[in-house]
């Protein structure tokens, strides 16, 4: 037994792009965070060290200058950036850090911005029962430090942004590669190449579009084949009628007596009628096989009314041939199918034309419609039957041998020795219309008239009898 092949689900373009882009952003964010963390830690440690140094030197009360020298207060951190002053309650200064600038004696407790010697300081004042302590820092220095930290935090972002753009460009190109391959495949197609597009590896978002495109290409291929077949068949089949018309016209021109001219004229008119009918049938077959009826919506069609209307249309022709044409009463009150009314009318007309053409004078042609239960060949619906409408046309003609019944559904096939001047297109048109409606055509012997019986069975709802 052949092993069942499991089809892999189509990859999702949205999922692929989202996962790859999120992964790229996560990696870049981690690298940036690590670089920013390292930079901020280094800068913060340096600032804290400088602050600790200035506070330690200031709190020595001037002893540091005797031990370390005056240069200890003027090291890289800047002597004027941080000012510490301690005042006694009576306004006497107990201590001031080594700075050329002096803060005002009067200060707002808590945080405040104070201008001293043309410089704005951020001051924090704390009052105790015995003294007032003031600590100030140059705002320009604070902003310089903050700007330096911000700059060092921005540098990793600026450095990694081009890398992130490059990764995003690669990810998008990689994810859209199947779509690009599809574009090249379509661009390289010839105008007459209507084969289906390859769908292997296409994303799930694009797959439905390509599937619909393949369906459209299949319909276009069918229409193209029908057009080519129609062109070839028309050229082949019209050659003989046109040649016969030319000969009949020449006979009419050579006819001398009135009787001869009358006979030649009748033959010419009969040839024109046959050629016209052949063209009409070719056009009808081209419409059905080319899919031109797909745009026409399906409606409900009453087969009983269709049979009565078509019978009235052919009543005069049948009477002229001495043939009885009847529509048998249907055992069902309603025989409704879903289809295209014009196409089903074409189907029934061709069945009646075929029956009338092959029925001898004094014969009988009858039409009957009905609805019956048939078994459903579906493993998923055991014990179910389909309630299917059917349409049957019977005649008392010679019938068709069983071995040729399938072949007469092909175009231009005529049973050898058959009477009449048919083109071999009537039953082919019936088959084409039935196929477009999902119906089945069955040819068999007529049990009541002895000739041919053609039954068209339409699909309908399924009844569960379990």
Provide 179, 369, 123 in ascending order of the number of other Cβ atoms located within 10 Å of each residue's Cβ, fewest first. 179, 123, 369
What FRET efficiency would be calculated for the residue pair residue 191, residue 144, taking the C-beta separation as r and a Förster radius of 56 Å, to the nearest 0.05? 0.20
Roughly how far apart, in whole Å, are the Cα centres of segment 119-180 and segment 339-372? 90 Å
Would you mind computing, in nm to one decimal, how far apart the modelled labels at residue 227 and residue 269 are, each placed 7 Å from Cα along Cα→Cβ? 3.9 nm
Set the Förster distance to 22 Å, then compute FRET efficiency between residue 321 and residue 244 from the Cβ-Cβ distance, nearest 0.05. 0.45
Can you compute the FRET efficiency between residue 26 and residue 220 using 1/(1 + (r/R0)^6), with r the Cβ-Cβ distance and R0 = 45 Å? Round to the nearest 0.05. 0.45
Sorted by Cβ neighbour density within 10 Å, fewest at the top, the residues 431, 15: 15, 431
For a footprinting-style exposure proxy, rank 27, 367 by other Cβ within 10 Å, fewest first. 27, 367
When you count, for each residue, the other Cβ atoms within 10 Å and take the mean per peptide, how do 397-410, 192-205 rank with the highest first? 397-410, 192-205
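Laboratory data are not the source of any read-out in this text; all were calculated from the coordinates shown. Values in this document were obtained by computation on a predicted structure and should not be read as measured data. Glycine also receives a Cβ, built like all others from the backbone with ideal geometry; neighbour counts cover every protein chain displayed.
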